[in-house]
Structure formats: structure tokens, C-alpha cells
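Engineer: Attaching a single structure in C-alpha cells format; questions to follow.
The values are calculated or read from the model by the stated rules, or taken from the named source; none is laboratory data. Since the model is a prediction, treat every value here as computed from it, not as a measurement. So basically every Cβ, Gly included, is an ideal-geometry build from the backbone, and we count neighbours across all protein chains shown. Ligands, DNA and RNA are stripped out before the accessible areas are found, and what is left, the full protein with its side chains, is counted by its heavy atoms. Shrake-Rupley method; radii C 1.70, N 1.55, O 1.52, S 1.80 Å.
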Amino acid sequence: MASANAKEVMPVVEAKGARIPLLGLGTWDLRGRTCARVVEQALRLGYRHVDTAEMYDNEREVGEGVRASGRKRSELFVTTKIWPSHFAPRELERAARDCLVRLRLSEVDLLLLHWPNPQIPLADTLGALAKVKREGLTRHIGVSNFTVALIEQAMAAPGEPLVCNQVECHPFLDQSKVIAACRRHDMAVVAYSPIARGGAKNNDVLARIGKARSKSAAQVSLRFLVQQNIVVIPRTSKVERLTENAAIFDFTLTDAEMAEIAALAHPGGRVVDFAFSGRPQWD
Ligand SMILES: NC(=O)c1ccc[n+]([C@@H]2O[C@H](COP(=O)([O-])OP(=O)(O)OC[C@H]3O[C@@H](n4cnc5c(N)ncnc54)[C@H](OP(=O)(O)O)[C@@H]3O)[C@@H](O)[C@H]2O)c1
């Protein structure tokens, strides 16, 4: 894998024609001026990829940060996501257009289905997603929170290529099956909550491994993922942590360290409730 810090060339993961910067800024729960300021600063520091969603209620501020950064649009990779209640084909197209209005962009780089919705046939939703891509609202399309079974179902449906699956992924959660399914289908894996919502910073193993290289436990958590070619989108509301979270391309973990970190995974390791009640469930 190419090595670079955020000020130099940002490494990318390639999947089905998409080139996704390996590091992005997560923006869930960033609001108002804080959101616009953090996005602007991240892009000034060398981040090239920002992750938002219609559900985060911050697309306006993400767009403001993008414009304030002074970066050329062509240098940036902007992802947004459609919420499952908008998966009926006409709704999806309207929702995608609304995202662009809020972001004040003519297209996004990646448009994702945020969570599966069992109430609407997947093939219909994927057909609508492919249509908005063909209409130029997004350069690439993909999914999020898809299980192995759903990935297989999506691959069997006609449509445009799905370039990624965005899933919870960090040292405390074993996602090897879903990662293997993504790799089988040439989909990038994008890790959300890559520092376990801050939980990684308190872990003794990550802290010990980091200490030997003057790196923090959070940086080791991120490095563990990017070293597997998994895209990471850590979120922070603090500008000083933007630099910390980007300084993950100037060291390498040994195979033994990678194995030791992988062994931290355990059944209760999820930090995002995969079954919260407001969201449609599969079964
Ligand atoms: N597709 C989906 O369903 C889905 C679900 C969840 C998240 N996401 C996306 O993934 C992004 C990242 O996930 P996340 O926000 O859940 O969790 P995360 O990035 O793993 O963790 C964010 C938390 O960690 C803290 N933090 C950040 N950098 C740190 C550092 N270097 N040391 C110590 N603590 C640090 C932040 O606090 P401070 O703000 O105080 O720094 C914040 O509380 C989201 O923002 C969102 O864009 C997608």
C-alpha cells in the first residue's frame, strides 16, 4: 500500500472504477458551525473525503465546510446516504436531489443506501439507485450495513456496480465474514466507528503497541484497518484530533501486532446498535 501523510498524496482504495481516499472525515452528530469548521479544517489539513447522510441533518454545514476549504471540487470525495424510509423508487430519486440541494453540489462522489429496508424489494431500490447514478446525481453507488446474505442478493440484481459496503469495523468487532464477501465482489470496505466511538483510546493493548512508536491507541486502531486496505472515516469535533487521526500512514504494524489486535474482537464488541427500534429490520 502507498504510504503518505495527509498533506501528501492521500492513498486510495480502488473498487469498480471508484478511487476512495483511504481516510475520510465522519460527521455523524457534528452540527452547525462546529460541523462546517471541522470539515473546512480537515480539508485544509489534507483530508480529501467527507462522509455525511441525510439522517445526520448536517449536509448544509458539510457543504459550507467544503466550499470554505478552498479545495477544488475535483480533489474531493463526498459521500452521502439515503435513509431507508426513502427507498421506494420515486422517493429515493427525490431524496437524492434534496441531498444535493442541501450540500449545494451538482453531484456527490458516492451515494449509499444507509441501512437495509425489508419492506421494499431490494431490486427496486437498487434500480432507483442505478437510475440516479445514470442521471449524474452521483459518480458511484454503494450500500451500508449490508450482511453477507444481502450482499449476495444485491449482486444478483441487475443495475450499476456497487463500489462499497460501509459497516461498523474496529478491533473489537470481528467483521471477517462481511469483509470476505466484499472482497469476493470487488467492493471496498468502509469502516464506520473505526475507533469504536472513542473506546479504542482506553485499550491497553492498543496503547502499548502505540507507545513503542509514539502513537496513540486511536491511531493504532485506525492503522490496523488501513493496513488491511479498509477505508476509515473517524469523526472528531476537535481540530487537534484531525491531525492525530490523519497521522496513520507513517508507521507499520507487524504481523504479530496485527494478530494481537485482531484477537481483541469479542461478541459484545459492537458500539452501534444493529437493531435499534426506529429502523426497519430484515427478520
Ligand atoms: N453507515 C452507518 O450506519 C454509520 C453508523 C455510524 C457512523 N457512521 C459514520 O462513521 C463515522 C465515524 O463513526 P462514529 O462517529 O460512530 O465513531 P468514531 O469515529 O469511531 O468515534 C468518534 C468518537 O471518538 C472520539 N475521538 C475521535 N478521535 C479521537 C482520538 N484521536 N482519540 C480519542 N478519541 C477520539 C470523538 O470525540 P471528539 O469529538 O471529542 O474528538 C467521538 O466521540 C460517523 O461520524 C459517520 O460519518 C456511519
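Engineer: For region 101-117, name all the residues that are open to solvent by 20 Å² or more (accessible area, probe 1.4 Å) and either of a type in the set (A, V, I, L, M) or more than 16 Å from the ligand (Cβ to nearest atom) (or both).
Structural biologist: Result: Val101, Arg104, Leu105, Ser106, Glu107.
Engineer: Of all residues in region 155-177, count the ones that are touching a His at 6+ places or on another chain (Cβ under 8 Å) and free of Cβ contacts under 8 Å to residues at least 60 places away in the same chain.
Structural biologist: The qualifying residues number 1.
Engineer: Just one of Val205, Val178, Val220, Val190 is among the hydrophobic types (A, V, I, L, M, F, W, C), farther than 15 Å from Ala247 by Cβ and out of contact with any strand residue (DSSP E or B) (no Cβ under 9 Å at 6 or more places or on another chain); which is it?
Structural biologist: Val205
Engineer: Name the residue that is farthest from the ligand (Cβ to nearest atom), counting only residues in region 44-71 that are under 28 Å from Leu92 (Cβ atoms) and among the hydrophobic types (A, V, I, L, M, F, W, C).
Structural biologist: Val66
Engineer: Okay, moving on. Hey, could you check region 141-163 for residues that are open to solvent by 20 Å² or more (accessible area, probe 1.4 Å) and under 19 Å from the mean Cα position of the chain (by Cα) and say which is nearest to the ligand (Cβ to nearest atom)? Before the answer, list the steps.
Structural biologist: At the first step, the residues of region 141-163 found to be open to solvent by 20 Å² or more (accessible area, probe 1.4 Å) are 147-149, 152-153, 155-161.
Add one more test, that the residue is under 19 Å from the mean Cα position of the chain (by Cα), and what stays is 147-148, 161.
Numbers: Thr147: 13, Val148: 17, Pro161: 19 Å.
It comes out as Thr147.
Engineer: Looking only at region 53-75, decide whether some residue is closer than 16 Å to Val12 by Cα, at pLDDT 95 or above, open to solvent by 10 Å² or more (accessible area, probe 1.4 Å) and in contact with a Pro (Cβ under 7 Å, 6 or more places away or on another chain).
Structural biologist: The answer is no; no qualifying residue exists.
Engineer: I'm told Arg197 meets every condition in (1) under 22 Å from Val12 (Cβ atoms); (2) within 16 Å of the chain's Cα centre (by Cα); (3) within 15 Å of the ligand (Cβ to nearest atom) except one. Can you identify the failing condition by its number?
Structural biologist: For Arg197, the exception is condition (1).
Engineer: What number of residues within region 16-33 are open to solvent by 60 Å² or more (accessible area, probe 1.4 Å) and either within 10 Å of the chain's Cα centre (by Cα) or more than 8 Å from the ligand (Cβ to nearest atom) (or both)? Steps first, answer last, please.
Structural biologist: Going through region 16-33, the residues open to solvent by 60 Å² or more (accessible area, probe 1.4 Å) turn out to be 16-17, 19, 28-29, 31, 33.
If we keep only those that are either within 10 Å of the chain's Cα centre (by Cα) or more than 8 Å from the ligand (Cβ to nearest atom) (or both) too, we end up with 16-17, 19, 31, 33.
The qualifying residues number 5.
Engineer: Ok, one more. Within region 251-269, which residues are assigned to a loop (DSSP other than H, G, I, E, B) and either of a type in the set (Val, Ile, Thr) or surrounded by fewer than 16 Cβ atoms within 10 Å (Cβ to Cβ) (or both)?
Structural biologist: Within region 251-269, Thr252, Thr254, Ala263, Ala265, His266, Pro267, Gly268 qualify.
Engineer: Follow-up. Evaluate the following for Arg223: is it away from the ligand (no atom under 11 Å from the Cβ) and touching a Lys or Arg at 6+ places or on another chain (Cβ under 9 Å)?
Structural biologist: Numbers: away from the ligand (no atom under 11 Å from the Cβ): yes; touching a Lys or Arg at 6+ places or on another chain (Cβ under 9 Å): yes.
Considered against the rule, which asks whether it is away from the ligand (no atom under 11 Å from the Cβ) and touching a Lys or Arg at 6+ places or on another chain (Cβ under 9 Å), Arg223 comes out as yes.
Engineer: Here is a follow-up. Looking at this structure, is Pro118 part of a loop (DSSP other than H, G, I, E, B) and out of contact with any helix residue (DSSP H, G or I) (no Cβ under 8 Å at 6 or more places or on another chain)?
Structural biologist: Yes.
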